[in-house]
Structures are given as C-alpha cells and as structure tokens.
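Heads up, the thing below is written out as structure tokens.
The values are calculated or read from the model by the stated rules, or taken from the named source; none is laboratory data. Note that the coordinates shown come from a computational prediction; the quantities given were computed from them, not determined experimentally. Cβ placement follows ideal geometry from the backbone for every residue including glycine, while neighbour counts extend to all protein chains displayed. What goes into the accessible areas is simple: the full protein's heavy atoms, side chains included, and nothing from ligands, DNA or RNA. Shrake-Rupley method; radii C 1.70, N 1.55, O 1.52, S 1.80 Å.
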Amino acid sequence: MKPFEYVRPSTLQEAIDLVVSNPKAQFIAGGTNLIDLMKHGIAAPEKLVDINHLPLKKIEKRDGFLRIGALVLNSEVASHKRVLDKHPLLVQALHAGASGQLRNMATVGGNLLQRTRCPYFYDRAFPCNKRVPGSGCGALGGINRMHAIFGVPVKPNPRSCIAVHPSDLSVALSALEATVWVLGPRGERQIPMADFHRLPNNRPEQDTTLSNGELITAVEIPDAVFPKHVHYLKVRDRASYAFALVSVAAALDIDQNRIKTARLAMGGVAHKPWRLFEAEKMLTGQVASETVFRQAAEVAMQGARAFEHNAYKLSVAPNVIVQALKIAAGLS
Amino acid sequence: MANTQLPPADPEPSLNRVDGRLKVTGAATYSAEYPIDNLAHAVLITSTIAKGRITTINAKPAEAAPGVLAVISHRNTPGVPAYPPVKQPAERAPVGTAFRVFYDELIYFSGQPVALVVAQTLEQAQQAASLVEIDYQTETHQTDFVANRSKAAIAANVQRNKTSPFQDYDRGDPDAMPSAEVKMEATYTIPTQHHQPLEPHAIIAVWEADDKLTVYDKNQGVKSAQGNLAQAFKLPRENVKVNAQFIGGAFGSGIRVWPHTVAAVLAAKQVRRPVKLVLGRELMFTSVGYRPFTEQKIAMGATKTGILTAIRHEGIGQTSAYEEHLERTILATRAMYACLNVSTRYRLLNLDVNTPTWMRGPGDATGMFALESALDELAFALQLDPLELRLRNHADADPERNLPWSAKSLKECYRMGSEQFGWKNRKPEPRSMQVDGMLVGYGMASSLYGFHRHPSKAKAMMQADGSVVVQSATMDIGPGTGTAMTQIAARILGVSPQKVRFDLGDSSLPDAPGQNGSATIPSVGSAVHDACKALKNKLLILGASMPGSILSSAWPDEIVIRNGRIYPTAESRSSVSYTDILKYHKLPQVEMTEESKSGPERDQYSMYSFGCHFVEVQVSPVTGEVRVKRVVTCADVGKIINYKTARSQSIGGVVGGIGMALMEESVMDHRYGRYVTSDFASYHIPVHADIPQIEVFFVDQPDVHVNPIGAKGLGEIAIVGVAAAVANAVFHATGKRVRELPITVDKLV
C-alpha cells in the first residue's frame, strides 16, 4: 500500500475543501471497499479524509420523506424501526448484501459508491478500462459470467466496459425513487437515484455523476406507498455473502388486486441499478397476475444482450422478475 | 468386568480438544505469529505472464525506497545451494524437475515467484514491491485443458515404472462391455479447485548460525520439511529445525515444501536477518498447489437385473509443464464393486500452470464423483433404486487384489444411513418430489479410502509427579491429533487425560510422517499406543521390584490401572501409584521410545475405510439455485478414538464436498493463463447459510488386522463421494444430470 496522509476534518466544509484542494485526496467512511482497493493498488490516494465522526449519522422523519444520513451504518438502517415498518424493501436488500461484519462497518453513502467486483478491475495484470482508461476491457472477450446484459455496447470499442454495479441497497433505493443529497464546493444539490450511477458511455472510470469534492450527505426516500407489496429477490452462487447474478427489487401499490403503481429495478445486470421503466408502465392499471407479470418481464428484457458466459442471465432474469412480483403481490 | 469401586476405563470418549482453549482465546501461536527479534518482512512479486522470460528487472526505485534491505531475484541471488549451475542460455527444465525459485529468467506459469522484496516493515516491503518494474518476453502458452486434451499422455514416470498402479489396467473379458444388456457412458469434469485454508501459508526463517536454520513454517510435515530444507541448503539434517505447532487448516496444501518457503530461507541468508513471508490470499492460488482439472469418461455395462458386467474408467488430469502430479482418480473403480471386467486408463496433460498437489481425498474425491454419478445414471437406466444397485454389486472381497478385506461394514453403513435419512421415502421418478414450490431431490453415494500406515515413533515419559508427556513429530492441521493421542496415552497408562501432555509439530521430536493420507491416527496412534504400553510395562516391572510390592505376584493380564494407581486385580482394595514407583526408585522420570509400523498383514488383507452419504437438496425451478437441506454421512473407519473430533472431521468433509459440488471453481482466462477468481469474493466456499444439519454415524468397530489400536483414518473418506451424492440429488430433483462441477445456476436453467 502506498503511504498516505490521514486527516480528520472537524466540519463537512473542511472535509470538502481538503478533497477539492488535492485531486489525489479521497473521503473514507467505512472503508470496506476502499481499503481493499488500496491493498490491490487500484486506489492510491495521497490523502485520506476521514469523515466517520461528521454529523451524518441520523435517520430522520421529514415531511413526506425519510432522510438517512450518509454515515448511518447498513446494519443500523436494517434494524431501524421506521425503516422496518415503512420500507421493508430496503431491509431485505440490505440483508441480501455482504455479511453481518461488513454491514456493521459499511455506511449508506459508501454502499452507493462501491466499485465493481469485476475481476479484471481488481487484478492489475489484466487490462481494464475502468482502472486504466484505454487499456481495453478484459471481460469482453474473457470470463464474463457475472457481467452486464443491459446498457452494453452493440459494437465494442476500445473504451467499452461490461462490469456491473455490485450494490444491493442501490437497487432497492432505485426502485423506491430515492434522492441522493450531495454537498460540494458549489453547494448542495439533489440527484435522483436514477441519475446517480452512470452507464459506461466510454468513460467507465466514472461510476457516478458526482463531481470531485462532492460528498454524499444523505439519502431521502419518499414516504412509503409500498410498505406491503415489496420484495427483493437475489440469485447468487451461495446462500449468503455473494454478489448478485441477478437481483430484482419489486414494489407494488395494489388496490383491490389492481396495480396502481409498480416499481422495478434490477441488480447484477448493468453498470448501474437498472430501472425497468417500460415494464413499470406496462403493469400500471393491470390486475396482478402471473400472466401480466410474465408480459412485464418480457418487456423488461427487451434490449438485453449476452456475452459468452452470461447468456443464462437472459433466462434467469425474467423468471426472477416474475417471482419477485408474485411474492410482492402475495401471489406466491 | 463390572466393578463399582473403579472409575470407568474411558472417562471421556469425547474429550474436548486439548488445545481448544488456546485456539479460541488466540493464545495458540501460528507460524507468522512468533515474536522474533530483528525480524525483516518480505513481499513476493510474481509473474504476470504464463510463459516466456524475464528481460529486465528494474529494482532501483524499490531499493531506494525507505526501509528496503534487498530486492532478491535470479539476477542477484547466489541461489539455493542444491540447485545445479544455471545454463547459458537458460534451458527449460525437463519434466520431473521441481520448480527452482529465483533460478533463471524462465517463466513457467502466471503467479510464479520472480522477486522478493525485504524491508524493515511489511508496509515498506509492500510499497517497494509496487515499485519493482519487470519486463517479460512472452511465449505462446497453453493453459486450456479442453483445447489441449488430445495431447494427454501416459506420464513419463509411469512409462518408466512397469509396476506403477497408473499403468493401463484390464481385468476379465474385453468383450463384456459390447455384449452388456444395459449400458451407459458419460464424461465428467471437475474444475481446478483450491484448498484455501483460512490461515494463509506463512514462514519465519531464522539462521541461528551460518549452518544452522530454524523455520516457523506452515506445513503438514515438519520432518519432511526438515529433510527438504536440509537438502536444498546442504545442511546436516539435525541443523535444521522446523516448527509448525498450530496449523489453521491445510487440506493438503502443506504437504510439500513450496517455493515461497525456500525463497524466505534464501532471503534470510542474504539479508542476514530473520525474514517473515506471509502469502496474500491471491498468492494462495498459485503458490501451494490445487486439485487438478480432471476429465473422466466412464462406461458401464450391466445385466437387466443390475449386476455390473463391465466398467471402463478413463481419466485425464492436469499437471504443470515441469512436474508430473499423479493421483488416484481411476484407482477406486478397481476395488469398489464386484465387477469381473474392469479397465482403467490414466493420462496426464502438461500445461503452463503451476503443479497441482493433493487436496483432501486426492484422486478419490475426483474419481468417486465420476464413478458414483455413473452408477446413479445406470440405476436410472435400469429403473432400479440407486442404493439397491450398490447392494447388488457389493464387493465381499477386494476384486482387484483378490484378498479379503481387513474389515468392511459398508452394508451396515448403507443400512444406518438409509434408515436415518429416510431413504425409503424417495420417489423414484425425477422431479416427482416438491415442497413449497421447490424441487426436492434425494441422492446418495458410497465412499472409500485406502488405509495408510507409515513407520512412526513416539516417546512416552512418566514424570515423578505422575504426569505424562508423549512426543512425536506428527502434526495437527485441524482434526485434533493432540487430543486423540492424549486419549490413547491416557487409556493405556490408566491416567486421566488431564495428566497427559502431547507434543507435536517440532522436527526435533521422534520421527513421524506428515499429516496426510488419513494416516496419522493409524500410524502415530499406533506408535503412541506402543510407546505407552512399553512405558507401562517398564513401570510395572519397576513397581514389582519394590520390596513387598503388591505387584510382585500380580498377573499382568489382571492388573488394572485407574487415575495413575495400579491395582493387582480389579477386585483389589490396595494399589500402588506411578508416583510411588518413581519415588521409590528415585527417578525423575521414566521414558520409552517405540517405533511402530505395518507387518505382513499388508499382504494378507486389503485395507480400506468405507462409507456412504445421503443428501437432500432443494432446487428452485425459478432461479436454478441449489441448496442442500440435509446430509446423513456414515463411515466405517474402525475404532473411533474421539467421537467428538471424529464427528467434526466428518462434518468438515461434507462441507468440503458441498463446496466441491456446488461452488468451488478456479476459473482461468486462458488468453492470459491467469485466474480470474483469486479472492474469496469470487472463489466461493460454503458459508454457514449453505450448510444444513449434518448427521454423522460411525460403525465404530475395531479393525483388528490393521494396527494395535484398530483405527483407520477419517480425514479423506469424509469428503470422498459427497459431490456425487449432491449431484445425484440434483438429478433426482430436476431430472437434469450435471456432469461438470460445480453445479451452478447457469447449468440448471
């Protein structure tokens, strides 16, 4: 690990100034991903700006929203009474991710900023456009069992990337249309979850739409219209502590069997949490049934493209969408 | 004999681990943890290409970095004394040459050690290692088993040795297969799998003098490591001391002395300081061997009533370009079932990878996956219950060697296992059982493992205070060796286990084999038995020679010893204690060393452990995910020394087998000849949530022909067959036969 300077600013503004003034400075919160990246020589910050003690640790009820501070631990969110009551989808997604030990260290803000687990990104002996822009995508012609099926290039180019975003929480936040609050050198702004993570678009080194020095301060979730008909279904290679092959966050507002609103997002299929807008539209106003869900899954899968080892996702994903919807609707 | 006056002969058949408290409180010292003065830290740099040569090493920036003591590579090391002089230009080592670390510029595999950075602190060494620039000239490499399959050949080693068991083998009638009433044929593949014990391999190398070496090294055999290092560094054996008292799992990865160990010893010599080297998780994939990628073709013929008439088993195993690693893959097939006509073939495929090694149940876990899967396929073709098929072909004597078994209670295992599991509730049709929308499958498989017993020595000492010390240079990589040996000693000497201390893991102790091949209890257990028996006899003679001794007229067969007190008969009220005897003779201690080994019984009996596994799985028809719900495992391994640790060992074997069946796979990107699964996030081993209730049953009858304690080994047989039982259960659940492990979602949807 490269030697680095470690600082503990006393205010948010000071933290932001420290990162803005040094392009090689980075914030550190739980460190569950960053420390790994530093050990592998993928991240090599000159300065670590520790924000763990800053006042971003509250879960607060606001008018029409639940506001979760960026430094609230994953395990704290998952055991918070209001979250349990009103946003069970979040709890399910959190429990589906990582391990108890990691959830006790990882923060909400950090969870959103996890980097991909693509093995080509992690091993510096391989090319990787996300790690070294322009070096090529190792996964494209290599081992791509875990990789993306949505938002992938029809014609690969030297800047392509087919890595997936690893977070489970982000998939649920995406389905719940959460808003990410950010403080930066130019003040505060809000980013809708759908716009927070990016598709590679020839700049895969950039995971999110954050600018340098911007710090996540909170995530706001609109008051629950989905306290009941939700489900997070994750398919993985073992029962726990494994990244999603495919996951689906489903949230339904159902009135007398008719779907008023549907929200669907997938994990393990794209460079970002993948909202299924078309399927949501299709479901709106329909009577909940397996047939309708099957049709929605078909719509959702349009545009999916597989590579050498991940074609199974094309078969599994629609099943998982249907199953998640069935469980959410109480049909299974 | 009933006698209420005496405490029971074996007060603690499930004695808790004697070192359990040390381990759970962190007080046990593992190889990397020895506090050594003036310790320097090393970081290994490994090749990023699979084949070629190093053209340049620019170590200057690293050498100038803070705290750096040396950057060692083939360029600047005087080398390992036993290596032959380097040829100019460098020549590729012929097959059969163990890898030589920092020897020349040639690269044989990706992950090969090419340089070692030694610094004052670990952090300095890590940082400096990132500054070393190495350029390579690449050559075309071959790492893809499937693409190179046609190059597989009989190992040179086997060609030279006409009595090798890996020679082509044919017994009976070659026409039996074509004329069989019912036939099956299939190909089974297991991928490369890694041991990945939680404790990484680590060494601290200390040169006590120019010709005197001490190492604290994670390995499975202090005596073989001592011999290897003495040979490599041209030292008298007794000048090398190897310590490996606690091992955090190994599963075979510590049987050999690997290049990193030699590299650390070399570095310590070069910097003239003790050097510590710990392998990072990713280096554990290329530094300490693995279970080789293996492809097997099995053909079976049977009568319509399910009597096997022919078996043909062909296996191809992967090995490196420089060494031939052979394992038992096809051998079990010759002995497992009563079939007159059996052929086996075994081939090796040399690839540009590091050499594989033995991994729990080596060869047999691989071979029995294929054989027991094939038998399940045959049972399905015959519309016969898989257990019934096995019973109909039970071998009452060894069909390969035409010898009686020393003992075999496989039928009892089948009976116990099937009853405990509820096998009779299995509906024969695949996909016929469901619960809560999940497909339910029942599968079973047999297991076997050969009996191994190696010459072993043990020293037993009775101290003046009545405590006992027993010593042997054996190992404990996790099964609880010290606990079992303590029990053997306590039972023979008639003392409480709390009075016994067993020393192991130190090369200065009496000679013993390494811990592998399930040989420790059979070998070292026998030596401990013999040494303690000799010690007891010596003490009884000393006791009888005391004036007016109650022992002077006692019959040896009638003497009873409890809690260190010797009673002439079980009815006696008076007794004499070991401490009395030593006190009278003014002896600080009495000791005996014995060597124990096999005799002519090896030629009179065929010796194996047998067992079976019953597995229930649930498979999601929606996602293709497989979860094991229940396992019943039974083994006949002779006398059980400690029921608790034996049970734990069986559970561990089943867990390993579940991993083998459902998740473990080291995936290589053959364009680079490099693994893409070099961490625990991508190389999956089971977590707690993957492991259901595992019930363990033992026959627990001594095998009187194998050794004085009647005990056979358990480590390997615990895993052998488990993967097949899982795969068979998955077939029963889904109707889909997966012949390529691991059985993952993508193979079931």
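Straight-distance candidates among the aspartates and glutamates for linking to A:Lys260, with alpha-carbon spacing under 12 Å and chain neighbours fewer than 8 residues away dropped: A:Glu280. Helices that extend 24 Å or more along their long axis by alpha-carbon positions and average at least -1.0 on the Kyte-Doolittle scale are, among the DSSP H runs of chain B, B:364-382, B:526-544, B:643-662. Over the C-alpha trace of region B:514-618, radius of gyration and Dmax come out as 20.2, 73 angstrom.
The per residue volume of the convex hull around the alpha-carbon atoms of region B:251-404 is 144 Å³.
When Rg and the Kirkwood radius Rh are both evaluated on Cα atoms of region B:554-664, their ratio Rg/Rh stands at 1.25. Considering only B:Leu384, A:Val72, B:Tyr584, and ranking their Cα positions along the charge dipole of the protein assembly as shown that arises from unit charges at the beta-carbon of Lys, Arg, Asp and Glu, the one farthest toward the positive end is A:Val72.
Sorting B:665-676, B:412-423, B:144-155 by average packing, meaning the other beta carbons within 10 Å per residue, from highest down gives B:665-676, B:412-423, B:144-155. With contacts taken as Cα pairs under 8 Å at a separation of at least 6 residues, region B:9-123 carries a relative contact order of 43 percent. How would you classify chain B from its alpha-carbon gyration tensor, with a ≥ b ≥ c the square roots of the eigenvalues: rounded for a/c under 1.5, else prolate if a/b is greater than b/c, otherwise oblate? Since a/c reaches 1.5 but b/c is at least a/b, the shape of chain B is classed as oblate. Taking every DSSP beta bridge that has both ends in the protein assembly as shown, the antiparallel portion is near 80%.
Counting only residues at least eight positions apart within a chain, or on another chain, the aspartates and glutamates with an alpha carbon under 17 Å from that of A:Lys234 are A:Asp168, B:Glu625, B:Asp690, B:Asp746.
Along each principal axis, taking the top coordinate minus the bottom one, the Cα set of region B:329-391 gives 44, 21, 19 Å in descending order. With the charge dipole of chain A set up from +1 on Lys and Arg Cβ and -1 on Asp and Glu Cβ about the Cα centre, the Cα lying farthest toward the positive end among the listed residues A:Asn257, A:Asn157, A:Tyr6 is that of A:Asn157.
Per-residue ellipticity at 222 nm from helix content only, as computed over chain B with -39500 (n - 2.57) for each DSSP H run of at least four residues, stands at -6500 deg cm²/dmol. When the accessible areas of A alone and B alone are added and the area of the pair subtracted, with a 1.4 Å probe, the result is around 2500 Å², both sides summed.
Shielding value for B:674-682 is 6, the average number of Cβ atoms from other chains within 10 Å of each residue's Cβ. Each 5 Å bin, from zero up to the one with the longest distance, holds this percent of the alpha carbon pairs of region A:5-50: 5, 24, 31, 23, 12, 4, 0. Sorting the Cα pairs of region A:230-329 by distance into bins of 10 Å, from 0 upward, gives 17, 51, 26, 6, 0 percent per bin.
My understanding is that a pair violates if its Cα-Cα distance is over 29 Å; which of A:Lys281/A:Lys313; A:Lys2/B:Lys212; A:Lys86/B:Lys629; B:Lys411/B:Lys644; A:Lys39/B:Lys223; B:Lys536/B:Lys644 do that in this structure? Violating the 29 Å limit, Cα to Cα: A:Lys2/B:Lys212; A:Lys86/B:Lys629; A:Lys39/B:Lys223.
Here's the picture: charge each Lys and Arg Cβ at +1 and each Asp and Glu Cβ at -1 in chain B, and of B:Phe293, B:Ala186, B:Val275 the one pushed furthest to the positive end of that dipole is B:Val275. Computed about its Cα centre, the charge dipole of region A:234-305 is approximately 240 debye, with only Lys, Arg, Asp and Glu carrying charge at their Cβ. Across all C-alpha atoms in the protein assembly as shown, the radius of gyration and Dmax reach 31.8, 105 Å.
Sorted largest first, the spans of the alpha carbon positions of region B:163-214 along the three principal axes are 71, 32, 11 Å. At 37 °C and a viscosity of 0.692 mPa s, what translational diffusion coefficient does Stokes-Einstein give for region B:432-485, taking Rh as the Kirkwood radius over Cα pairs? Give it in µm²/s as a whole number. In µm²/s, the coefficient is 198.
Listed by chain and number, the lysines whose C-alpha is less than 17 Å from the C-alpha of A:Lys57, apart from same-chain residues fewer than 8 away, are A:Lys81.
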